[in-house]
1. Charges on Cβ only, +1 for Lys and Arg, -1 for Asp and Glu, centred on the Cα centroid of the chain; of 123, 60, 71, which one is farthest towards the dipole's positive end?
2. Considering amide H positions built from the backbone, and no H for Pro or chain starts, which residues 5 or more places from residue 83, or on another chain, come under 5 Å of its amide H?
3. Would you please classify the overall shape of region 122-234 from the alpha carbon gyration tensor, given that a ≥ b ≥ c denote the square roots of the eigenvalues, rounded means a/c under 1.5, and beyond that prolate means a/b larger than b/c while oblate covers the rest?
4. Using the count of nearby Cβ atoms within 10 Å as a rough guide to exposure, how do 258, 276, 100 rank from fewest to most?
5. Quick one: P(r) of the chain from all Cα-Cα pairs, 10 Å bins, percents rounded to integers, in order of increasing distance.
6. Please find, in a Gaussian network model of the chain (springs between Cα atoms separated by less than 10 Å), the residue of 76, 25, 153 whose mean-square fluctuation is greatest.
7. Rounded to the nearest 20 Debye, what is the dipole magnitude of region 1-116 about its Cα centre when Lys and Arg each give +1 and Asp and Glu each give -1 at the C-beta?
8. Give me the compactness ratio for region 23-181, meaning the Cα radius of gyration over 2.2 N^0.38 Å.
Amino acid sequence: MNDSELLRAIEANVTAALAEDLGPGDPTAALISPERRATARLITREAAILCGQPWFEACFRRLDPDVIFHWRAAEGEALTVGMEVCEIEGKARALLSAERSALNFLQTLSAVATVTRRYVEAVAGTRARIMDTRKTLPGLRVAQKYAVRVGGGVNQRMGLFDGILIKENHIAAAGGIAQVMAAARLAAPGLSIQIEVENLAQLEEALAAGATLVLLDNFRLAALREAVRLAAGRAELEASGGINLSNVRAVAETGVDRISVGSLTKHIQAVDFSLRIPL
């Protein structure tokens with residue numbers, strides 16, 4: 001994704017979030033004088049990787065274009081428990097009305113970046129790269145894939161439109177691996193083509209058909225090592241399925257090039273942040 005795509009996503013995400021939360025207005029924040037200014041402090045209650053600053057800031061700026069942020073940590077930096085992450089100065093009503101939407105983005109994206117960083121650190125020193133999938137929260141794909149990159153991971157295709165992933169049903173419908181690979185090359189010569197295989201025999205078929213990017217679905221460690229031997233550098237190999245923090249290092253040590261982990265963006269637990277306006 002490029003910068004303009006990212007900016008469009010932030011704009012759309014923030015518009016939707018504020019519309020969902022504010023509706024026709026915030027009668028509670030209206031109890032405060034429109035002229036009153038305030039300072040709020042953002043605190044993290046757990047260790048995490050900071051991610052989501054652009055979304056966080058955009059929520060407040062939509063309601064107060066003159067709001068000022070004093071960040072104590074940079075995007076992608078490790079946070080410690082109790083750390084003051086940011087001080088925000090602006091109109092009190094804007095701080096109150098945008099608070100929940102801003103925190104929702106920050107806690108979600110920081111969670112993705114934090115988990116991704118753990119996987120990246122777990123495979124450090126191997127050739128394997130940690131990659132995401134399309135298993136994202138509806139409407140937040142760009143945001144979550146951004147968070148994966150902040151955490152040190154690598155993005156797969158954004159959607160169905162920008163890459164081909166041939167799975168078992170595609171193979172069956174086309175009549176076989178050789179047939180579907182030939183069809184893919186003819187139909188989309190400019191797109192990346194990846195084929196999923198479920199056993200070593202299918203891997204050999206895919207390699208014979210000229211596959212250069214192969215997804216190894218739910219292979220055991222011994223089979224992964226044999227797949228690396230069979231491919232012998234002719235194709236990039238990606239391990240997927242049943243991978244977690246307890247086994248990702250062993251998977252990486254088989255010699256695969258890529259490891260895709262759906263839980264980076266699917267099984268997330270929000271990071272606990274607090275935004276307080278001191279008395």
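A short reminder: the numbers here are calculations on the coordinates, not readings from a lab. Remember, it's a predicted structure, so these values are computed and weren't measured experimentally. Positions of Cβ are backbone-derived with ideal geometry, glycine not excepted, and every protein chain shown enters the neighbour counts.
1. Farthest along the dipole direction, towards plus: 123.
2. Hits under the 5 Å cutoff: 44.
3. oblate
4. 276, 100, 258
5. 6, 25, 27, 19, 13, 7, 2, 0
6. Highest fluctuation of the listed residues: 25.
7. 280 debye
8. Dividing the Cα Rg of region 23-181 by 2.2 N^0.38 Å gives 1.37.
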